[in-house]
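Some notes on the structure that comes next.
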Amino acid sequence: MRQIFVAIVEDDPEIRELMKDLIPLAGDIECVHDFERAEDFMKKFRDMIVDVVLMDITLPGIDGIQCVRESKAKRPEVQFLMCTSHNDAGRTFDSLCAGATGYLLKNSTPEQIFQAIRDIHQGGSPMSSEIARMVVNSFPNKKQDQSLLEMLTTREQEIIHELAKGYSYKEIAAKLLISIETVRTYLRKIYEKLQVNSKMEAVNKVFPK
């Protein structure tokens, strides 16, 4: 199995250098690019060989949320993992709706960061427990967009409802008695029908505020 190629976008030089030094210790992960500003990252992103981007939220100029929103649309196959000191629900939710697939706090251990990179590369959506609770708690009072739900098959509706409850791909697969790969196949169809690029964007579209 080839290395997982990672890029870092972080304006704090000490944190950025620490991440660059730590990532090679994982063995299967390689840091191929690092940037202080979102603008510099975006200039090179289209031609960059990268699997996962560790993205800070608070950056000089364009912030991480806007950077993810614009970049994800250009290359949906690249996964964005928000790595930030912020743990407020608003920024968390905005990051995920913009196209980020996972979210970790900067006080996560190196092993937690390594595992998050591996999980997101394999199709998961890693989040710290604090963030997962915030995201799940933002859904119960949402209304359903019935017209969008009617575009989906019964099985696709089941999956997006389970996503809205905060369940992981593995948990959804077990609950519906299907494989994780089948869950991912259904998700790709859901994204295509709803014209979105991430599970959070899909949930937010079907269950608007």
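Any read-out appearing in this document is the output of simple, stated calculations on the displayed coordinates, not a laboratory observation. From a predicted model like this one, the values you see are computed outputs, not experimental measurements. All Cβ positions, even for glycine, are placed from backbone atoms using ideal geometry, and neighbour counts span all protein chains on display.
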A 24 angstrom limit on the alpha carbon distance is what I want to check against. Which of K44/K205; K43/K205; K106/K175; K44/K193; K74/K205; K43/K72 exceed it?
K44/K205; K43/K205; K106/K175; K44/K193
Diagonalise the Cα gyration tensor of the chain and give the resulting equivalent ellipsoid semi-axes, square root of 5 times each eigenvalue, largest first, whole Å.
28, 18, 16
In whole angstrom, note down how far apart the Cα centers of region 23-81 and region 152-195 are.
27
Per-residue HN-Hα couplings for region 148-157, Karplus 6.51 cos²θ - 1.76 cosθ + 1.60 at θ = phi - 60°, whole Hz, x for Gly and Pro?
6, 4, 5, 6, 9, 5, 4, 5, 5, 5
Which net charge results when you count Lys and Arg as +1 and Asp and Glu as -1 among the other residues whose beta-carbon is under 13 Å from that of I117?
-4
Between the helical axis of 110-121 and the dominant principal axis of the chain, each derived from Cα atoms, what acute angle in degrees is found, rounded to the nearest 10?
50
Sum up the charges of everything whose Cβ sits under 12 Å from the Cβ of S71, counting Lys and Arg as +1 and Asp and Glu as -1, but leave S71 out.
+4
Using per-residue counts of other Cβ atoms within 10 Å, averaged over each peptide, order 201-207, 117-123 from highest down.
201-207, 117-123
Taking amide hydrogens as modeled 1.01 Å from N in the peptide plane, which residues meet the under 5 Å criterion relative to I29, leaving out close sequence neighbours?
I4
Please compute the length gained on full extension between Y191 and I15, using 0.36 nm multiplied by the number of residues separating them and subtracting their Cα-Cα distance.
59.9 nm
Taking K and R as +1 and D and E as -1, what net charge do the other residues with C-beta under 12 Å from the C-beta of V183 add up to?
+2
Sequence of I57, I159 once ranked by neighbouring C-beta atoms within 10 Å, starting from the fewest:
I57, I159
Taking N as the residue count of region 146-206, its alpha carbon Rg divided by 2.2 N^0.38 Å gives 0.99
